[in-house]
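Engineer: Before I ask anything, let me first share the structure, which is written out below as structure tokens.
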Amino acid sequence: MNSYAELIGSHFGERLHHICCVNSNHLLFEYTTFKENISLRIEVPESFPRKLPQVYVVGYEDNKKFYSHVESNGKICYLPTENILFDTGKPDQLFIECIQKALKVIDTWETDIMKNDLRKEFLSYWAITCKKKFASVKSYSEVRDSFEEWEVILSSKQNMLFRKNDNNKDKILTSVLGEYYKKDNFNSYDALYLPLRLSDDLIPPNPKHEFNIQSIKHLIDGNLRSSVKKQFKDWLNKPR
């Protein structure tokens, strides 16, 4: 098998500029895309091809930009984690295919493809941003088209979302919580139901930026239907 640096040089030419080799399995390259230079660290495990190379964006933790399919440490997730078969009998070809897939991910950044990918993984990014403030809530009410005041029930067993004055709430709580359905076992909080436009630009908040009430308001404001936005503003202006 050729050295990894030689393989990259012969297949990618000027697309990837070799910077240096920390060692034979740890390489640094520079990749130019959307008029920006990105430094990449390619780490090839000793057990390759049984384990695949890992590609990192150098300095991603300090970069304020937010890209899809990149972990907080800069690792590019260029392959699904399940149901993938590899031809380990051709390690040179497998190595090149891995690098190609990583570069393909980078080429989607700051494009509509990236925005769509972020939308698809909204809840995952939202959980990262909210950290310990995040809690999943299951809805037991049908989807609505209007602004409404709802109710969140927080329980040690399951968190639930209901319309205010839902006639089926007690039946559902009894069924779901069973023996836990006692007044001292859950808390009720007011909530708002804000239906977004069917065609929206809602992408997850940048986890590298401060997350606060203004961040949430900014996420919501630009994606509400006009009628709902008016109702929401009227509600915000109510004295409470």
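Engineer: Between Ile220, Ile172, Ile153, which is surrounded by 10 or more Cβ atoms within 10 Å (Cβ to Cβ), under 30 Å from Tyr60 (Cβ atoms) and either touching a strand residue (DSSP E or B) at 6+ places or on another chain (Cβ under 7 Å) or at pLDDT 80 or above (or both)?
Structural biologist: Ile220
Engineer: Could you grab the pairs with beta carbons closer than 9 Å, sequence gap of 6+ or different chains, first residue in the range 45-56 and assigned by TED's automatic domain parsing to the domain that holds Leu28 and under 19 Å from Gly74 (Cα atoms), second one at pLDDT below 90 and buried (at least 19 other Cβ atoms within 10 Å of the Cβ)?
Structural biologist: Between residues of the range 45-56 that are assigned by TED's automatic domain parsing to the domain that holds Leu28 and under 19 Å from Gly74 (Cα atoms) and residues that are at pLDDT below 90 and buried (at least 19 other Cβ atoms within 10 Å of the Cβ), the close pairs are Pro53/Tyr4.
Engineer: Residues of the range 121-156 being hydrophobic (A, V, I, L, M, F, W, C) and without any contact (Cβ under 8 Å) to a residue 40 or more places away in the chain, which ones?
Structural biologist: The answer is Leu123, Ala127, Phe134, Ala135, Val137, Val152, Ile153, Leu154.
Engineer: Let me ask something additional. Please work out if Leu103 is surrounded by 11 or more Cβ atoms within 10 Å (Cβ to Cβ), within 30 Å of Ile38 (Cβ to Cβ) and at pLDDT 85 or above.
Structural biologist: Answer is yes for this residue.
Engineer: State which residue is farthest from Lys120 (Cα to Cα) when the search covers only the range 53-78 and only residues that are more than 13 Å from the chain's Cα centre (by Cα) and modelled with pLDDT under 90.
Structural biologist: Result: Asp62.
Engineer: Taking the criterion of being surrounded by 11 or more Cβ atoms within 10 Å (Cβ to Cβ), over 30 Å from Ser39 (Cα atoms), out of contact with any helix residue (DSSP H, G or I) (no Cβ under 8 Å at 6 or more places or on another chain) and not basic (Lys, Arg), would at least one residue in the range 114-135 satisfy it?
Structural biologist: Scanning the range 114-135, I find no residue that is surrounded by 11 or more Cβ atoms within 10 Å (Cβ to Cβ), over 30 Å from Ser39 (Cα atoms), out of contact with any helix residue (DSSP H, G or I) (no Cβ under 8 Å at 6 or more places or on another chain) and not basic (Lys, Arg), so the answer is no.
Engineer: In the range 32-52, which residue that is closer than 19 Å to Gly13 by Cβ and touching a strand residue (DSSP E or B) at 6+ places or on another chain (Cβ under 6 Å) is modelled with the lowest pLDDT?
Structural biologist: Here the answer is Asn37.
The values are calculated or read from the model by the stated rules, or taken from the named source; none is laboratory data. Owing to the predicted nature of the structure, the values given are computational and were not obtained by experimental measurement. Positions of Cβ are generated from backbone atoms using ideal geometry, with glycine treated the same way; all protein chains shown enter the neighbour counts.
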